[in-house]
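Below is one structure, written out as structure tokens; comments come after it.
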Amino acid sequence: MAVVKFVNSGSPMNNIFDYVTRREATESKLISGVNCSPESALEEFRFVKKRFHKEDGRSYYHIVQSFSPDDDLTPETAHEIGLKFAEYFPGFQVLVATHTNTHAIHNHLIMNSVNFENGKKFHQSRNEMLQAKEYSNQLCREYGLSVTETKTKNPRNARWKRDLIETASCAIGWSATKEEFIEYMREHGYKVQWEDKYKYITFTTPEGYKVRDNKLFDERFLKNNLELYFAMGGCDGEMLDTYCDYVTPYHDDSFTMTSTDGLFNLLGDILSSVPADYYYQPHYVNEMNTMEKLRLEKILGRKISNEAFHTYCTREDYEREQGIAQSM
């Protein structure tokens, strides 16, 4: 099975290239290019944009193709599938990197937003996105893997729940705040009950099904994790790719709720300190109050360093309004 996500990444193009090709996650034989060379893909992307005068707006699309740990799959085969999936988008340059640093092998596809043949920008409707995902399923069938639409009597894998997870995943990638997340879900027919007095977030589907966040078996949807994510800027912050790409460890049928806390601990570690070589030099402005910092510390159960708080929990829109530029 391969779950396909179209991630709304806010990182600069050179940053996303560095992220998907980093050596702790992959190796050179698992990095390839479709209609471009992996060694010079960034420059080739920029050349096409300049040639067609399409250097403004969205510069790339980030697609993640994540395989089930239950499938008998080697990194090389996963990479081969990723390359074939990239060919589904004719006329577009795509960098394909296969990551093996989590329990689930997954491909990152970074696609130029500009078609090198006709200069048109990439656009797709929801139906076209579903067709792309179905093509990924077709590839999985050809390689003897399971597919996402496999029917099961297990309520954990019910279609309505898979649809909810897919919609909520998109909402995370497109939302900078809790309010934007709730509004995105509402626009897609879902109700979200997210209140301070309740320990859990409760989702209600368009069909009327209700489910708590801890019954989705995905750490990204747990209330505390989402609170931290949006405090750190959501899709406008530094944690977008790290959060969206996080893969929750597999829970077999003996589990009745999400039991792992790897993402929570990861966010806590990040907020505890800032790496010495981190490129962003925080500006100590009084843009977030002490109460917000105390609220996050209560969620984490540990202290947040002032440097990390000002680095990761700063709002870019505030900085733009004040004329404050991040140091690069």
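Within straight cross-link reach of Lys293, meaning Cα distance under 20 Å, which lysines are found once same-chain residues fewer than 8 apart are removed? Result set, ordered by chain and number: Lys178, Lys197, Lys199, Lys223, Lys303.
Provide the packing ranking of 103-115, 290-302, i.e. peptides ordered by the mean count of other C-beta atoms within 10 Å per residue, highest first.
Details: 103-115: 23.2, 290-302: 13.4.
Those peptides, ordered most packed to least, come out 103-115, 290-302.
The alpha carbon convex hull volume per residue for region 2-134 rounds to 102 Å³. For region 71-195, the average shadow cast by the Cα convex hull is 10.0 nm², which is a quarter of the hull's surface.
Working note: Cα atoms of region 193-271, range along each principal axis, descending, whole Å: 35, 28, 23. Descending by average beta-carbon neighbour count within 10 Å, the peptides 188-197, 162-171, 259-268 line up as 162-171, 259-268, 188-197, the highest first.
We did not get these values from a lab; they are worked out from the coordinates using the rules stated. Being a predicted model, the structure only gives us computed values, none of them experimental. We place every Cβ from the backbone using ideal geometry, glycine too, and count neighbours over all the protein chains shown.
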